[in-house]
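Data first, discussion second: the structure below is written as structure tokens.
The values are calculated or read from the model by the stated rules, or taken from the named source; none is laboratory data. On a predicted model such as this, the values are computed, not experimentally measured, just so you know. Quick reminder, even Gly has a Cβ in these numbers, built from the backbone with ideal geometry, and neighbours come from all protein chains shown.
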Amino acid sequence: MKELNIMEATVYTSPNPLTLICSQNKDGTTNLAPICFFSYLSFNPPMVGFAAGKQSHTGKRVRETGKVIITVPGESMADAVMACGSSTGASKNKVSENNIEMISIDGRDIQIPADTRLAMIATLQQATEVGDHILHVCQVEKFLGNENTKGLYAWKGFGKAAPAEEG
Ligand SMILES: Cc1cc2nc3c(=O)[nH]c(=O)nc-3n(C[C@H](O)[C@H](O)[C@H](O)COP(=O)(O)O)c2cc1C
């Protein structure tokens, strides 16, 4: 076998789970960031976790507000997801810059993209430093799914967003 670094290893585990994390900006608008470091953590209570780089605006806002909606983006979001991964919500509004159609759910402050396969409405329980990232452990209050929407995964490590059938 060949020795790999962690970035190369992510290519071998592709397709990787891909979430689009929705958090609230200070001005009330929603910020979006793709995150592959996502995992289910507990069935009862339902808990999930995601790790965001220490500089991430998403992580900062989730820690400040305690609220997050973790989504699995639909197929039409492929380009928008990659665009949201190359800029920070600290300095621009990614939703308006990328013309992403958003919807409100259950009267929450945080919106989600209209083309969403799964939404997990969650509250932050714990934030733990893990190397160069911060692991956000969240309790999910509600899961909302849309079975007619094809979800996106990350291919070639984190290099491309596409449905799972694409290979
Ligand atoms: C497919 C993909 C997966 C990514 N996964 C992660 C991740 O798991 N953790 C992370 O911190 N950043 C990840 N990123 C990078 C962030 O999305 C990127 O740093 C983004 O600019 C953060 O935005 P924010 O500052 O508005 O939170 C990923 C990017 C892409 C394109």
### Task
Among the residues of the range 114-128, write down those that are out of contact with any helix residue (DSSP H, G or I) (no Cβ under 8 Å at 6 or more places or on another chain) and of a type in the set (Gly, Ala, Ser).
ALA114, ALA119, ALA122
#### Entry: Looking only at the range 63-92, and only at residues there that are part of a loop (DSSP other than H, G, I, E, B) and either more than 10 Å from the ligand (Cβ to nearest atom) or charged (D, E, K, R) (or both), the one that is modelled with the lowest pLDDT
LYS92
### Cross-chain or 6+ apart pairs with Cβ under 7 Å, the range 90-103 first and closer than 20 Å to LYS60 by Cβ, then more than 10 Å from the ligand (Cβ to nearest atom) and not in a strand (DSSP E or B)
ASN93/THR29; VAL95/THR29
#### Entry: All positions within the range 37-64 that are under 12 Å from CYS138 (Cβ atoms) and among the β-branched types (Val, Ile, Thr)
VAL48, VAL62
### Query
Out of (1) surrounded by fewer than 16 Cβ atoms within 10 Å (Cβ to Cβ); (2) within 13 Å of the chain's Cα centre (by Cα); (3) of a type in the set (Ser, Thr, Tyr); (4) in a helix (DSSP H, G or I), what's the single condition that is false for THR58?
(1)
